[in-house]
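K.L.:
Following this message is one structure expressed as structure tokens.
The values are calculated or read from the model by the stated rules, or taken from the named source; none is laboratory data. Keep in mind that what you see is a predicted model, and the values were worked out from it rather than measured. Neighbour counts run over all protein chains shown; Cβ positions are idealised from the backbone, glycine included. To get the accessible areas, we keep the full protein, side chains included, count just its heavy atoms, and leave off ligands, DNA and RNA. Shrake-Rupley method; radii C 1.70, N 1.55, O 1.52, S 1.80 Å.
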Amino acid sequence: MPKNTEHRYTKARVEELLEACLGKRLGEIDRNNVFARAKENPKITGIAGDVIEQSVFGYDANSDSSPDLDIDGIPTELKTTGIRKSKKAPGEYEAKEPMSITAVSPGTIIGEEFSGSRFWHKLAHLLLVYYLYDSDKTVLAAGYAAFPVKGYQFLEFSDDDRKILEQDWLIVRDFIRSLDGNEDLYPDISHLRDKLLFIDTAPKWPNPPRFRLKRSVVSGIVREHFGGLLEQLPKAYGSYAEIDGKCHEIAARYRGKTIARLMEELGISGKPDKGIGERLVVRMFGGGAKKMQDIALFSKIGLLGKTVVLTERGGRTEDMKLLRINFDEISNVGEEFPDSSFYDYFAGRQLLCVVFQEHGSSDFGSNIFLGFKRLVFSDGFISLNVRPVWERIRELVIYKDLRDVPVLDKQGKALLNKTGIPRTAPNFPKSSEGLLFVRGDSSDSTKKPETVNGIPMYRQYLWIKGSHICRELDKKDFI
């Protein structure tokens, strides 16, 4: 593919241009009056990138498959990327959304090899310009004028990350080749999600899909750039097949041992709790962090560790807590479901279930390790179960129908907390209503740190029924 010969810069000049933008709002940078277009088209997309391209680098947006800039003779793709303040890690940033790369063109990709592909040509050398999406609400295009530029980065993927990108791309290419031109089967490209580490494709057919870096991958890049610490594993893994292979090796070595024995062998101190599964996984993979999300690979691919304890008959012992609900997002009238944290959690992540068999309900440390199973949430599950709960929570909050109601036992009598005061809870979806439900959680039952629509409450989490997890796990063999 030819280099872009129109937009040539030295690296020093690029740095000079972008250093002058740091801390300034996009509206201040807009010397070419790009934001004027937002008056006629208030919902126009990509306006932040248009400002950087036109008002900083002096060229109009185009659909050319070649990288945007020539920097010291190197074709470089410019990506203007929104970041948000992290709710999970105060003081750190995360990606606002996935990063679109290039079109998935069946007629082209079937004849490509990775090193010469349009996909890699776009990713080989990146210039990322970061702006802070400094709002909890969805803003129209004109609102982007208030967002400041926070940084920039010349990015080249490591050899390990390049290997992952290549394996992901080959999975997509080989799938399209296998269709032999049968367009009726193109929608099945969305079913590759459980095999891809760094990328996905969106939107769905019949709309022409594009390759994207997952939001979790972009968040990892952002976190590392702005000084967040992510631990590197001692060994690289380039595909889920390789990760599964390591899990199989680990299970063969440790299966049948109790949690207490595993903690002793792996040098983990303290009392075992519900989070012990992911701590064990990290140690088994050679890491030292307490959470899988503090490991660079697991964080970028969105692989979450979950402890699952089964009864001797294979039944559930308890429900599973998933994600904390962000009520700033929930109350955002302009938020669309595909852009929500609910959708991102279920579509962009997988669960590595660390499975134990219960061996005495009073002694968690005596539970016996059985192995690993990996769960992926299907598009059907997301559509039938996740979206309705997300919509119901939004209805309650946005239309002011949220109420604090008494918590009753099976006989309809009010339950009391330890202080003797009747228990109450918001009228969010309950476990009796579906597979997903909302439940508050707190380390101190006397404090309700969350306030929604004027109602004090515990921090609210989305949960999934343990019975459903057990049914899904029962369909799968151990890795």
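K.L.:
So what J values fall out for the stretch 127-139 if you push phi through Karplus, 6.51 cos²θ - 1.76 cosθ + 1.60 with θ = phi - 60°, rounded to Hz, Gly and Pro as x?
P.N.:
In residue order, the calculated couplings are 10, 9, 10, 9, 10, 8, 6, 8, 7, 7, 10, 6, 10 Hz.
K.L.:
Let me ask something additional. Might you work out the accessible area of ASP72 for me, using a 1.4 Å probe with all protein chains in place, and round it to the nearest 10 Å²?
P.N.:
Accessible surface of ASP72 is approximately 100 Å².
K.L.:
Could you compute how much accessible surface ARG283 exposes when probed at 1.4 Å, giving the result in Å² to the nearest 10?
P.N.:
Number for this one is 70 Å².
K.L.:
Computed FRET efficiency, Cβ-Cβ of SER362 and HIS191, R0 35 Å: what is it to the nearest 0.05? Show your work: numbers first, answer last.
P.N.:
Working: r = 43 Å, r/R0 = 1.24.
E between SER362 and HIS191, to the nearest 0.05, is 0.20.
K.L.:
Report, to the nearest 10°, how far helix 159-179 tilts away from the longest principal axis of the Cα atoms in the chain, using its own Cα long axis and a range of 0 to 90°.
P.N.:
Once rounded, the angle reads 90 degrees.
K.L.:
Going by Cα centres, the stretch 308-340 and the stretch 36-111 are how many Å apart?
P.N.:
31
K.L.:
To the nearest 20 debye, what charge dipole does the stretch 216-375 have about its Cα centre, counting +1 at the Cβ of each Lys and Arg and -1 at the Cβ of each Asp and Glu? Spell out each step's value before the answer.
P.N.:
Numbers: 22 positive and 21 negative charges, 137 e Å.
Using Cβ point charges on Lys, Arg, Asp and Glu, the stretch 216-375 gives about 660 debye.
K.L.:
To the nearest 20 debye, what is the magnitude of the charge dipole of the chain about its Cα centre, counting +1 on the Cβ of each Lys and Arg and -1 on the Cβ of each Asp and Glu? Please report the intermediate quantities before stating the final value.
P.N.:
Numbers: 71 positive and 69 negative charges, 388 e Å.
So the magnitude is around 1860 debye.
K.L.:
Additional query: Report, in degrees rounded to the nearest 10, the 0 to 90 angle that the Cα long axis of helix 240-254 makes with the longest principal axis of the chain.
P.N.:
Helix 240-254 sits roughly 30 degrees off the main axis of the chain.
K.L.:
For the stretch 116-123, what does the Karplus curve 6.51 cos²θ - 1.76 cosθ + 1.60, with θ = phi - 60°, yield as ³J(HN,Hα) per residue in whole Hz, taken in order and with x for Gly and Pro?
P.N.:
Karplus-based 3J(HN,Hα) across the stretch 116-123 equals x, 6, 4, 4, 6, 4, 6, 9 Hz.
K.L.:
Taking the Cα centre of the stretch 293-346 as the origin, how large is its charge dipole in debye, to the nearest 20, when only Lys and Arg (+1) and Asp and Glu (-1) carry charge on their Cβ atoms? Working shown, then result.
P.N.:
Working: 6 positive and 10 negative charges, 84 e Å.
Taking the Cα centre of the stretch 293-346 as origin, the dipole is about 400 debye.
K.L.:
Rank ARG118, ARG215, ARG31 by accessible area, highest first, at a 1.4 Å probe radius? Before the final figure, lay out the partial values.
P.N.:
Numbers: ARG118 90, ARG215 45, ARG31 160 Å².
The ordering from most to least exposed comes out as ARG31, ARG118, ARG215.
K.L.:
Taking 0.36 nm per residue of separation and subtracting the Cα-Cα distance, what length does fully extending VAL333 through PHE114 add? Write down the numbers at each step before the final one.
P.N.:
Working: separation 219, 0.36 × 219 = 78.84 nm, distance 4.16 nm.
The VAL333-PHE114 span can extend by a further 74.7 nm.
K.L.:
On a C-alpha basis, how far is the centre of the stretch 182-260 from the centre of the stretch 419-457 in Å? Whole number, if you could?
P.N.:
Using only Cα atoms, the two centres lie 34 Å from each other.
K.L.:
Calculated from DSSP H runs of 4 or more alone, at -39500 (n - 2.57) each and per residue, what is the 222 nm mean residue ellipticity of the chain, nearest 500?
P.N.:
Numbers: 16 runs with 134 residues, N = 479.
Here the helix-only value at 222 nm equals -7500 deg cm²/dmol.
K.L.:
Residue separation times 0.36 nm, minus the C-alpha to C-alpha distance between PHE478 and ARG403: what's the value? Intermediate results must be reported in sequence, preceding the final value.
P.N.:
Working: separation 75, 0.36 × 75 = 27.00 nm, distance 4.34 nm.
Gain on stretching PHE478 to ARG403: 22.7 nm.
K.L.:
Sticking with this one: Which whole-number value in Å³ per residue fits the convex hull of the alpha carbons of the stretch 342-393? Spell out each step's value before the answer.
P.N.:
Values: hull volume 6.0 nm³, N = 52.
Dividing the Cα hull volume of the stretch 342-393 by its residue count gives 115 Å³.
K.L.:
Now, a different point. What FRET efficiency do you get for VAL139 and LYS291 if R0 is 35 Å and r is their Cβ-Cβ distance, rounded to the nearest 0.05? List each step's numbers first, then the result.
P.N.:
Values: r = 32 Å, r/R0 = 0.92.
With R0 = 35 Å, the Cβ-Cβ based efficiency is 0.60.
K.L.:
What Rg and what Dmax come out for the chain when only alpha-carbon atoms are used, in angstroms?
P.N.:
24.4, 77
K.L.:
When the expected Rg is taken as 2.2 N^0.38 Å, what fraction or multiple of it is the alpha-carbon Rg of the stretch 104-203? Walk me through the intermediate numbers first.
P.N.:
Values: Rg = 17.4 Å, N = 100, 2.2 N^0.38 = 12.7 Å.
Ratio of Rg to 2.2 N^0.38 Å for the stretch 104-203: 1.38.
K.L.:
Per 5 Å bin, what percent of the C-alpha pairs of the stretch 1-158 does each bin hold, from zero upward?
P.N.:
2, 8, 17, 20, 19, 16, 11, 6, 2, 0
K.L.:
Ranked by accessible surface with a 1.4 Å probe, highest first, in what order do LYS246, LYS88, LYS300 come? Walk me through the numbers on the way to the answer.
P.N.:
Details: LYS246 40, LYS88 170, LYS300 15 Å².
The ranking, largest first, comes out as LYS88, LYS246, LYS300.
K.L.:
Same structure again: For GLN411 and TYR461 in one chain, what is 0.36 nm times their gap in residues minus the Cα-Cα distance, to one decimal in nm?
P.N.:
Numbers: separation 50, 0.36 × 50 = 18.00 nm, distance 2.61 nm.
Net length gain for the segment: 15.4 nm.
K.L.:
By accessible area of protein heavy atoms, probe 1.4 Å, what ranking do GLU358, GLU156 get, highest first? Please report the intermediate quantities before stating the final value.
P.N.:
Numbers: GLU358 50, GLU156 120 Å².
Largest accessible area first, the list is GLU156, GLU358.
K.L.:
OK, next. Roughly how tilted is helix 215-225, in degrees to the nearest 10 and between 0 and 90, from the longest Cα axis of the chain?
P.N.:
70
K.L.:
Please compute one quarter of the surface area of the Cα convex hull for the stretch 291-412 and express it in square nanometres. Can you show the working numbers first?
P.N.:
On the way: hull surface 43.7 nm².
Result: 10.9 nm².
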